[in-house]
1. Relative contact order of the range 1-141: what whole-number percent is it, with Cα pairs under 8 angstrom and at least 6 residues apart?
2. Roughly how many Å² of D117 are accessible to a 1.4 Å probe, to the nearest 10?
3. Provide the per residue accessible area, probe 1.4 Å, for the range 24-162, rounded to a whole number of square angstrom.
4. Can you work out the Karplus-derived ³J(HN,Hα) for every residue in the range 71-83? Use 6.51 cos²θ - 1.76 cosθ + 1.60 with θ = phi - 60°, whole Hz, and x for glycine or proline.
5. Counting other Cβ atoms within 10 Å of each Cβ, which trypsin sites (Lys or Arg not before Pro) in the range 1-81 have at most 15 and sit in a DSSP loop?
6. Hey, can you grab everything whose amide H is under 5 Å from the amide H of Y19? Only 5+ residues off in sequence or another chain; H modelled, so Pro and N-termini drop out.
7. Express the C-alpha Rg of the range 1-109 as a ratio against the empirical globular expectation 2.2 N^0.38 Å, rounded to two decimals.
8. If Lys and Arg each add +1 and Asp and Glu each add -1, what is the summed charge of the other residues whose beta carbon sits under 12 Å from the beta carbon of M2?
Amino acid sequence: MMLVIRREGFEQRYGGLRYKVRSSYTIQGERHDTLREWHYNLGQHMATGSTHGWYFDWFGERVSSPVRYLVHTDGRVGVDDGGGTFLEIAPSLPALIESHALTDTVATWDRSTAEVDSFALAEQLDGLTDVPEASGPTVRWRLSDNVAVEEFRNWSSETPRHWRAFIWSRDQTGRRQIEEAAVRAAAMTDAPIVVNSLPRLSVGRAEAGGRPRG
């Protein structure tokens, strides 16, 4: 019964909702801007797991994707990467939408490609304000006037689900803050430092490691 109620609730509140999320990448010094469409159309798939309860699918991002987008009867949003497991990616649909709004906002900023572990780098960035409206157990947004960070667990059924991060800056102050944090992160991991604040090229919705490109 709860599954039927949740599916009807999804259709009534979100059915037909569509919007576009901006992103960008750079090839050989040239910046390219892209738009990805999200469609909130109810699917036909319903499933349950022994430890995960009932969930159903919906269309999600309109792009070739290795994952199926899901909503749990408890309100969480997830994906299935083919392993038959509900993988939480957001605590709720409103949180997912807010995360998309933030991703669109920072699309005009520069995404860091410092060659240190992205999550280790994110942990070295302080002075940022948490955004609880877009955060949950598997995703966390933090912002300042010059730096934005999205930390997230990989969209992969491989265990453990490692944490990664996307990091953006929009001026020299932000770039300097990221560079200094990269030095600290590299010192902790004994990794070499290569800092490049241009956004990286992303293909499709999922990057290596099973996570959307943002």
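The values are calculated or read from the model by the stated rules, or taken from the named source; none is laboratory data. The structure presented is a predicted model; accordingly, all values stated were derived computationally and were not measured. Quick reminder, even Gly has a Cβ in these numbers, built from the backbone with ideal geometry, and neighbours come from all protein chains shown. Accessible surface is based on the protein model in full, side chains and every heavy atom, while ligands, DNA and RNA are left aside. Shrake-Rupley method; radii C 1.70, N 1.55, O 1.52, S 1.80 Å.
1. 17
2. 90
3. Per-residue value: 45 Å².
4. Calculated HN-Hα couplings, in order: 10, 8, 5, 8, x, 5, 9, x, 9, 10, 8, x, x Hz.
5. R62
6. Here the answer is W38, since their amide H atoms fall under 5 Å of that of Y19.
7. The value comes to 1.18.
8. My count for the surroundings of M2 gives 0.
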